[in-house]
Amino acid sequence: MRRWLEGGRPEDGAIQFTLHAFLKSMGRRVDGRTYEQLRSALGRLERTVLESEGAWHDASIGVAANDGATARFTILSAVAIDRRRMTDRDQLALFPALASNEPGEARVVIAPQLRANIAAGHHTTLQSARFVALTSPVARRLYRLIEAHADAMPWRPTLERLAELLPLSQRFPSHLQRVLQPAHEMLLASGIVRRATIEQDGKQWFAEYGR
């Protein structure tokens, strides 16, 4: 996504890069193993289908049509990897020892659904350093949810709804509190929220997050 944005958001959603340069930009070691890992990861992004029922906002249609909108798409709508760059193909035949290590050039296409929503401003930005510093999976999921509700702070979901969103298998309030407490401490320590509480209101339990 960063390369697509830095490339001026091409209308067809396509970006090109060598696997070697991409690995270097990620700070990863460049060798045969990481080349194969990157090829595999790009393939998974093309094959893994994201589905949303009653929650997706499609920027390409009218507001009224978005009530309860559904969506089904992959993050990358196309992936093509040429293991040997065209400019070097003739020369590589002269050096068979290098051919198997040639990183290749990739061309990927960002899904139009994502591009449309980004262009319309319907997106949220996470700070990667903060995200990585959260060692708890629950804390990371909470961080994503909190950023998604940043415009509605303080955010006050019921514990039942929060358990569905995270998702958590626990259902009793006391069990949910034990799972959420360490995550809340991480969010508070990192400065993502200034308040993270759980309280009972009548027969209903709520979590509340504020900044």
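The values are calculated or read from the model by the stated rules, or taken from the named source; none is laboratory data. Since this is a predicted model, take the numbers as computed values, not measurements. Please note: Cβ atoms are built from the backbone with ideal geometry, for glycine as well, and neighbour counts cover all protein chains shown.
Overview of values
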{"quantity": "Conditions (1) touching a Gly at 6+ places or on another chain (Cβ under 7 Å); (2) more than 22 Å from R9 (Cβ to Cβ); (3) surrounded by 15 or more Cβ atoms within 10 Å (Cβ to Cβ); number of the one not met by R140", "calculated": "(1)"}
{"quantity": "Where a residue in region 28-40 is assigned to a helix (DSSP H, G or I) and its partner, wherever it lies, is of a type in the set (F, W, Y) and at pLDDT below 90, with Cβ under 9 Å and at least six apart", "calculated": "none"}
{"quantity": "Residue among L176, L188 that alone is modelled with pLDDT of 95 or more, within 23 Å of A55 (Cβ to Cβ) and of a type in the set (A, V, I, L, M)", "calculated": "L176"}
{"quantity": "Condition met for L188 (under 19 Å from S136 (Cα atoms), aliphatic (A, V, I, L, M) and touching a helix residue (DSSP H, G or I) at 6+ places or on another chain (Cβ under 7 Å))", "calculated": "no"}
{"quantity": "Residues (surrounded by fewer than 11 Cβ atoms within 10 Å (Cβ to Cβ) and under 18 Å from L76 (Cβ atoms)) located in region 48-61", "calculated": "T48, V49, E51"}
{"quantity": "Residue selected from region 1-21 under the condition of a type in the set (A, V, I, L, M) and either under 27 Å from H122 (Cβ atoms) or not assigned by TED's automatic domain parsing to the domain that holds T74 (or both), by the criterion surrounded by the most Cβ atoms within 10 Å (Cβ to Cβ)", "calculated": "I15"}
{"quantity": "Out of E164, E160, E147, sole residue that is under 17 Å from the mean Cα position of the chain (by Cα) and either surrounded by fewer than 14 Cβ atoms within 10 Å (Cβ to Cβ) or of a type in the set (D, E) (or both)", "calculated": "E147"}
{"quantity": "Hits in region 22-47 (condition: closer than 27 Å to A119 by Cα and loosely packed, with under 14 Cβ neighbours inside 10 Å)", "calculated": "S25, M26, A41, G43, R44, R47"}
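Conditions tested, residue by residue: (1) of a type in the set (A, V, I, L, M); (2) modelled with pLDDT of 90 or more; (3) assigned by TED's automatic domain parsing to the domain that holds E11; (4) touching a strand residue (DSSP E or B) at 6+ places or on another chain (Cβ under 9 Å).
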{"position": "A65", "(1), (2), (3), (4)": "yes, no, yes, no"}
{"position": "T70", "(1), (2), (3), (4)": "no, no, yes, yes"}
{"position": "A78", "(1), (2), (3), (4)": "yes, yes, yes, yes"}
{"position": "P96", "(1), (2), (3), (4)": "no, no, yes, no"}
{"position": "A106", "(1), (2), (3), (4)": "yes, yes, yes, yes"}
{"position": "R144", "(1), (2), (3), (4)": "no, yes, no, no"}
{"position": "E160", "(1), (2), (3), (4)": "no, yes, no, yes"}
